[in-house]
Amino acid sequence: MDKPVLYIVIPCYNEEAVLPVTSGMFLKKITDLAAAQKISDESRVMFVNDGSKDRTWAIIQELAETDGHFCGVCLSRNRGHQNALLAGLMTAKDLADITISIDCDGQDDINAMDAMIEEYLGGSDVVYGVRSKRDTDTWFKRTTAEGFYRVMKMLGADVVFNHADYRLLSKRALEGLAQFKEVNLFLRGLVPLVGYRSSSVYYERAERLAGESHYPLKKMLAFAFDGITSLSVKPLRLITLLGILVSTCSFLAIIVTLIIKIFGFTVTGWTSMICAVYFIGGVQLLSIGVIGEYIGKIYNETKSRPRFIISETTMEKDNK
Ligand code: UDP
Ligand code: MG
């Protein structure tokens, strides 16, 4: 078997502070792996510039000029991590035998790539990078993140515990992924749906080497909610259950009220009335909101707008 061509796919958004630090690490990994005869020398480090407002794209272009192992793809505007990653993977799909996606901030241990490639050579099409512990995260980030994975599991969405977007995908897994046309992208929920043999590699997550996280709590919550509603219809079912529960309680309350009436203890009853009105009003609004979330998703899907638009790449020059 020929040595596989590996593309390391790295989305970057406003990362001018960290790119000069980590690009060398990625390059070294590629050249070391090639020297060890694990991968072909045609392998590349592919940066995806997600519409950065700083010098990120200029840095990527410089890197591509200084070393042939670097290449870059530039999106026409900022589309978010998931879309940028998909753009990179779909571009790499036709050029590579395997891709490994990783963030550009050096938080994920690049040395886990050796083990990932071993797993691939051992017959896995998908290899998940899983965090063995979260010592470097704050208590708050750790609890919320782990809570998120638990809630996802409870709601029936198949996600790998403590795995983010650090993973190896084979060519046929990428081709499988390409058939998922959804606009509401939640890659870590889609990859398990692609199927094929998968395995996990464990690593410890470090601190960001430079720059700042793009995922404050507000964005993390939105991401979690998006993930749940993209992958599971259980919240809709929960509304039905809630409806049944509230109706049953109301029915019992009616009987109790009638009994009180028959026995003549007629009190003004304003408090219980108003409580019921507020309670049922709240439940209804909440339920409409959840249903609305799904309708919003349908709205976006029916428009099927492009998930990313590539404005330029550094590979164009190579082909000419
Ligand atoms: N990122 C991106 N587009 C965005 C936001 C982030 O491509 O709109 C990239 C970012 O450059 C990084 C990765 O996604 O490589 C993860 O972002 P970050 O490290 O800020 O998130 P965290 O690790 O804190 O969850
Ligand atoms: Mg990070």
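Give the shape of the chain as rounded, prolate or oblate, defined through the alpha-carbon gyration tensor: a ≥ b ≥ c are the square roots of its eigenvalues, a/c under 1.5 means rounded, and otherwise the shape is prolate if a/b is larger than b/c and oblate if not.
Because a/c hits 1.5 or more and a/b exceeds b/c, the chain counts as prolate.
Could you state the angle between the C-alpha long axis of helix 139-154 and the longest principal axis of the C-alpha atoms of the chain, as a value from 0 to 90 degrees rounded to the nearest 10?
Once rounded, the angle reads 70 degrees.
From the phi of every residue in the range 309-315, what ³J(HN,Hα) in whole Hz does the Karplus formula 6.51 cos²θ - 1.76 cosθ + 1.60 yield, where θ is phi - 60° and glycine or proline is x?
Here the 3J(HN,Hα) series is 10, 8, 8, 7, 9, 8, 7 Hz.
What trypsin sites (Lys or Arg not before Pro) does the range 197-280 have in DSSP loop regions with at most 12 other beta carbons within 10 Å?
Nothing satisfies the criteria.
Need the C-alpha centroid separation for the range 184-242 versus the range 86-112, integer Å.
Using only Cα atoms to place each centre, the spacing works out to 18 Å.
Using θ = phi - 60° and the Karplus form 6.51 cos²θ - 1.76 cosθ + 1.60, what ³J(HN,Hα) does each residue of the range 231-248 get, whole Hz, x for Gly and Pro?
For the range 231-248, the Karplus curve yields 10, 9, 9, 4, x, 5, 5, 4, 4, 4, 4, 4, x, 4, 4, 5, 4, 4 Hz.
Treating the angle as unsigned and between 0 and 90°, give the value, to the nearest 10°, between the Cα long axis of helix 81-92 and the longest Cα principal axis of the chain.
Relative to the chain, helix 81-92 is tipped by roughly 40 degrees.
Please work out the Cα center distance from the range 127-170 to the range 1-57, rounded to the nearest Å.
Using only Cα atoms, the two centres lie 24 Å from each other.
Which of the lysines could a cross-linker bridge to Lys141, judged by Cα under 24 Å and excluding same-chain residues fewer than eight apart?
Cα-Cα hits under 24 Å: Lys133, Lys153, Lys218, Lys219.
Helix 112-121: angle to the longest alpha-carbon principal axis of the chain, degrees 0 to 90, nearest 10?
In the chain, helix 112-121 runs at an angle near 90 degrees to the longest axis.
Please give the FRET efficiency for Ile244 paired with Ile295, using the beta carbon to beta carbon distance and R0 = 25 Å, rounded to the nearest 0.05.
Rounded to the nearest 0.05, the efficiency is 0.65.
In deg cm²/dmol and to the nearest 500, what is the mean residue ellipticity at 222 nm of the chain if only DSSP H runs of at least 4 residues count, each as -39500 (n - 2.57), divided by the residue total?
My calculation for the chain gives -17000 deg cm²/dmol from helical runs alone.
So, in nm, how far is label Leu121 from label Cys275 when the simple model puts each one 7 Å beyond its Cα toward the Cβ?
Output for this residue pair reads 6.9 nm.
For the residue pair Asp158 and Arg55, what label-to-label distance in nm results when each label sits 7 Å from Cα along the Cα-to-beta-carbon direction?
My value for the distance between the label points is 4.6 nm.
Chymotrypsin sites (Phe, Trp or Tyr not before Pro) within the range 168-227: which are DSSP loop residues with at most 16 other Cβ atoms inside 10 Å?
Passing both the DSSP loop test and the Cβ count: Phe180, Tyr196.
Give the long-range amide H neighbours of Val130: residues separated by 5 or more places, or on another chain, with amide H under 5 Å away, using H modelled in the peptide plane at 1.01 Å from N.
Val201, Tyr202, Tyr203
Please sort by residue number the chymotrypsin sites (Phe, Trp or Tyr not before Pro) in the range 89-170 whose DSSP state is loop and whose Cβ has at most 15 other Cβ atoms within 10 Å.
Passing sites in the range 89-170 are Phe161.
Taking +1 at the Cβ of each Lys and Arg and -1 at the Cβ of each Asp and Glu, which of Val160, Ile102, Pro4 sits farthest along the dipole of the chain towards its positive end, judged by Cα position relative to the Cα centre?
Going by the charge dipole, the pick is Val160.
How large is ³J(HN,Hα) for each residue in the range 68-75, as worked out from phi by the Karplus curve 6.51 cos²θ - 1.76 cosθ + 1.60 (θ = phi - 60°), to whole Hz, x for Gly and Pro?
Residue by residue, the range 68-75 yields x, 7, 9, 9, x, 10, 10, 7 Hz.
What does the charge dipole of the chain about its Cα centre add up to, to the nearest 20 debye, if the Cβ of each Lys and Arg holds +1 and the Cβ of each Asp and Glu holds -1?
1500 debye
Bear in mind that the values in this text are calculations on the coordinates, not laboratory data. A quick note: this is a predicted structure, and the numbers were derived from the prediction, not measured. Backbone-built Cβ (ideal geometry, glycine too); neighbour counts: all protein chains shown.
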